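**Student:** So that we are looking at the same thing, I have put the structure below in structure tokens.
What follows is calculated from the coordinates using simple rules that are stated; it is not laboratory data. Remember, it's a predicted structure, so these values are computed and weren't measured experimentally. Methodologically, a virtual Cβ is constructed for each residue, glycine included, from the backbone with ideal geometry; neighbour enumeration extends over all protein chains shown.
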Amino acid sequence: MKIHRLVRIGLAAAFLVAALPAAAQDPVTVEAKVSPLRLSKNQEGKLVLKVGMKKGVNMSALPALTIELEDSEGLVFSKSFFTGSDLALSRVEIDGKECFDLKQPIEIPFKVDPKADRGVYVLRGRVKYFAFKPAEGVCLKSSARFSTSYSTWGIPAREGTPTR
């Protein structure tokens, strides 16, 4: 009897979550990748973030977008967080408000630590943002998490090795 009741409660909860309005769901998605995927010691690379937004949603430039990075094994970034102005993101004016133009991917350069161990790792972080939907007069302060894998080799990079 208790199992049937739990199943009914679970189904009701799943139905309620599926029935939530689109405004309650996160309007921003972030896809991340490390380029190149396989890195040698002392090699330079970049974290590439593609930010996707639902139709009709814009990302406010004021207050600024912030990208926070967790500690990553073997990768050396200039700092642990970046703002839109740090990355020189282009801006556009939409309905009288300054917004980020995120059609192009965001690229954050890094260098591989010369003491990096060989292995496969995961780089994690999050993008904090202010989004608004002018048609509905809705403003949202939220964040979107991202993660991507990369690997390091046990050998140093040759001089002038380009990133892909």
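**Student:** Please sort by residue number the GluC sites (Glu not before Pro) in the stretch 43-108 whose DSSP state is loop and whose Cβ has at most 13 other Cβ atoms within 10 Å. Please list the in-between numbers first.
**Tutor:** Details: sites: E44, E68, E70, E73, E93, E98, E107; in loops: E70, E73.
Counting only loop positions with at most 13 other Cβ atoms within 10 Å, the GluC sites (Glu not before Pro) in the stretch 43-108 are E70.
**Student:** Could you give each residue of the stretch 92-108 its phi-based ³J(HN,Hα) in whole Hz, using Karplus coefficients 6.51, -1.76, 1.60 with θ = phi - 60°, and x for Gly or Pro?
**Tutor:** Going residue by residue, I get 9, 9, 10, 6, x, 10, 7, 10, 7, 8, 9, 6, 8, x, 8, 10, 10 Hz, with x marking Gly and Pro.
**Student:** Could you list which residues have their amide H under 5 Å from that of L75, counting only those 5 or more apart in sequence or on another chain, with H placed in the peptide plane?
**Tutor:** D113
**Student:** Moving on. For the pairs K111/K133; K54/K115; K41/K141; K54/K79; K50/K111; K33/K141, note any where the Cα-Cα span goes beyond 32 Å. Please report the intermediate quantities before stating the final value.
**Tutor:** Details: K111/K133 38 Å; K54/K115 42 Å; K41/K141 38 Å; K54/K79 30 Å; K50/K111 21 Å; K33/K141 25 Å.
Among K111/K133; K54/K115; K41/K141; K54/K79; K50/K111; K33/K141, the Cα-Cα distance tops 32 Å for K111/K133; K54/K115; K41/K141.
**Student:** Okay, moving on. When every alpha-carbon pair in the stretch 25-156 is counted, what percent end up more than 22 Å apart?
**Tutor:** Details: 3378 of 8646 pairs.
Within the stretch 25-156, distances greater than 22 Å cover 39 percent of Cα pairs.
**Student:** Considering amide H positions built from the backbone, and no H for Pro or chain starts, which residues 5 or more places from L65, or on another chain, come under 5 Å of its amide H?
**Tutor:** Long-range HN contacts for L65: G84.
**Student:** Here's another thing I want to ask about it. What are the ³J(HN,Hα) values, in whole Hz, obtained from phi via the Karplus relation 6.51 cos²θ - 1.76 cosθ + 1.60 with θ = phi - 60°, for each residue of the stretch 39-47 in sequence order, with x given for Gly and Pro?
**Tutor:** Per residue, the Karplus-derived 3J(HN,Hα) values read 10, 9, 4, 6, 7, 9, x, 8, 8 Hz.
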